[in-house]
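Here the structure is laid out as structure tokens; the discussion comes afterwards.
The values are calculated or read from the model by the stated rules, or taken from the named source; none is laboratory data. Computed from a predicted model, the values in this text were never measured in an experiment. Using ideal geometry, Cβ is built from the backbone for each residue, glycine included, and neighbour counts are taken over all protein chains shown.
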Amino acid sequence: MKRTIPAKHRLLISLLFAGLSISAHAQWLAGQWTGMVWQDQAGSSFSYRVSLQQTGQVLSGTAISANRSIEARFQISGYWDGSTLALQEVKQTAPTSPKWCLKYATLYVSTTRDSVILEGEWRADGCKPGKMRLSKIKTGELTDLQVESPLTLTGPWKGRLSQSDRDYGFYFEIDLLPAAQGTSSISSDGPGGNATHALNWQFAAADSTIEIREVEVSARSNPDWKWCVKTMRLRLRRERLSYILEGDWQGHIEGLTPETGACAPGKVTLEKPVLTQTIKTETQPRQDAYSAETGREVKIDHVVEVSSPNVKLRIWDNGTVDGDVATIFLNGKRILKSHRVAKRKVVIPVSLATDNNILILHAEDLGDIVPNTVAVSVDDGKRDQVIILSSNLSQSGAILIRQFKME
């Protein structure tokens, strides 16, 4: 991502944010993140890989940005304020030329069934801005983390409505239902009381706008008051801990037409809070039980996806046979006990009981060459994936075996 305008001076943007605190031992942002960076010009997309270390709210690490045959590496720093991550490329470490954009991104957290997502916008001195999206697999380290739930357009949105010929406003609320149906509720700060309208709605993802058309008045507090039947086009945006729908409306008095009874137009602003949820993973209790029993830390170094719950595991020594002795745990159950690893492969058919399954290599004897290293293949009948696991007497390597499912 080369600079479009050479910058004579590079200023580091101070990462000073007020917000919710996070305890010093919370390390959920640490680790490997992968994703994409887009720039607001045609054809400018880059793969982006980030390695982060976390101490309390402060982060540091490295990033690699690449597009086809070109690549740049950066030193990065960050700050987590409890709801957003401010991420800054501090220095380009390679290549020495040409110089790339030094990006500053504000990223928000969301989650899917299997991944945690960081996404938001970035900007840089002398460069066109853009967007960034990173993800990493949920593992046990995310237990009890509060992350944002994905936005759902359905449900209530609350706010205000104005009309250009009135010196008072209206409380306004819409409740978007599935199948493009819904209701709107309006309450006047002046005469008229309140009313409820039936509506239809349609969202356009291309420009993040929603079109809402009121169909009819379905209820009212004042039987003699005539209400405007409104059409509005509202744009969706994010503002800190709220989603905002805002835009203009126009309409006509019920019982008339736009030609015979047009209403004075106005503006609408509606709001919906950003919701959070607590992530608890299935693997954490198994890791905790293993660590409590053995006194060893579990380190998940690999994640594999399988298309079937019925898989074959193969265990062998792919290097120098030096007398390694290992026990293999799957979801807390010993499936291979005190096995002296050799060139001959041991085949273990297993049935995966959950979506996320943890396989742990427990070293019994490190042999002549430290650490204990074995090869493990995971064969689901369609693909055979080979992983090299390494363990010692204080830390056990592990694989997260995840069943692939379409959402």
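Kindly indicate which of LEU366, LEU359, LEU352 is surrounded by 15 or more Cβ atoms within 10 Å (Cβ to Cβ) and touching a Pro at 6+ places or on another chain (Cβ under 6 Å).
LEU352
Per-residue answers, yes or no, for (1) loosely packed, with under 15 Cβ neighbours inside 10 Å; (2) at pLDDT below 90:
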{"residue": "CYS127", "(1), (2)": "no, yes"}
{"residue": "ASP144", "(1), (2)": "yes, yes"}
{"residue": "VAL147", "(1), (2)": "no, yes"}
{"residue": "THR152", "(1), (2)": "yes, yes"}
{"residue": "GLY155", "(1), (2)": "yes, no"}
{"residue": "SER164", "(1), (2)": "yes, no"}
{"residue": "TYR168", "(1), (2)": "yes, no"}
{"residue": "GLU173", "(1), (2)": "no, no"}
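Taking the criterion of being among the aliphatic types (A, V, I, L, M), surrounded by 15 or more Cβ atoms within 10 Å (Cβ to Cβ) and out of contact with any His (no Cβ under 8 Å at 6 or more places or on another chain), the residues of the stretch 321-347 that qualify are VAL321, LEU330, ILE335, LEU336, VAL341.
Counting only residues that are closer than 16 Å to ALA398 by Cα and under 30 Å from the mean Cα position of the chain (by Cα), give me the strands (runs of 3 or more DSSP E) lying completely in the stretch 301-368 with at least 2 of them.
356-365
Conditions (1) closer than 18 Å to LYS272 by Cα; (2) modelled with pLDDT under 95; (3) not assigned by TED's automatic domain parsing to the domain that holds GLY255, marked per residue:
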{"residue": "THR183", "(1), (2), (3)": "yes, no, no"}
{"residue": "THR196", "(1), (2), (3)": "no, no, no"}
{"residue": "LYS230", "(1), (2), (3)": "no, no, no"}
{"residue": "LEU236", "(1), (2), (3)": "yes, yes, no"}
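The set of residues from the stretch 364-381 being modelled with pLDDT of 85 or more and out of contact with any Phe, Trp or Tyr (no Cβ under 6 Å at 6 or more places or on another chain) comprises GLU364, VAL374, VAL376, SER377, VAL378, ASP379, ASP380, GLY381.
Restricting attention to the stretch 201-220, the residues that are at positive phi and modelled with pLDDT of 95 or more add up to 0.
Among the strands (runs of 3 or more DSSP E) confined to the stretch 171-220, the ones with at least 1 residues that are closer than 21 Å to ARG235 by Cβ and basic (Lys, Arg) are located at 209-220. Against the condition assigned by TED's automatic domain parsing to the domain that holds LEU52 and part of a strand (DSSP E or B), how does THR96 come out, does it pass? Criteria not met by THR96. Residues of the stretch 176-225 that are surrounded by 13 or more Cβ atoms within 10 Å (Cβ to Cβ) and among the hydroxyl-bearing types (Ser, Thr, Tyr): THR183, SER184, SER185, SER187, SER188, THR196, SER208, THR209, SER218.
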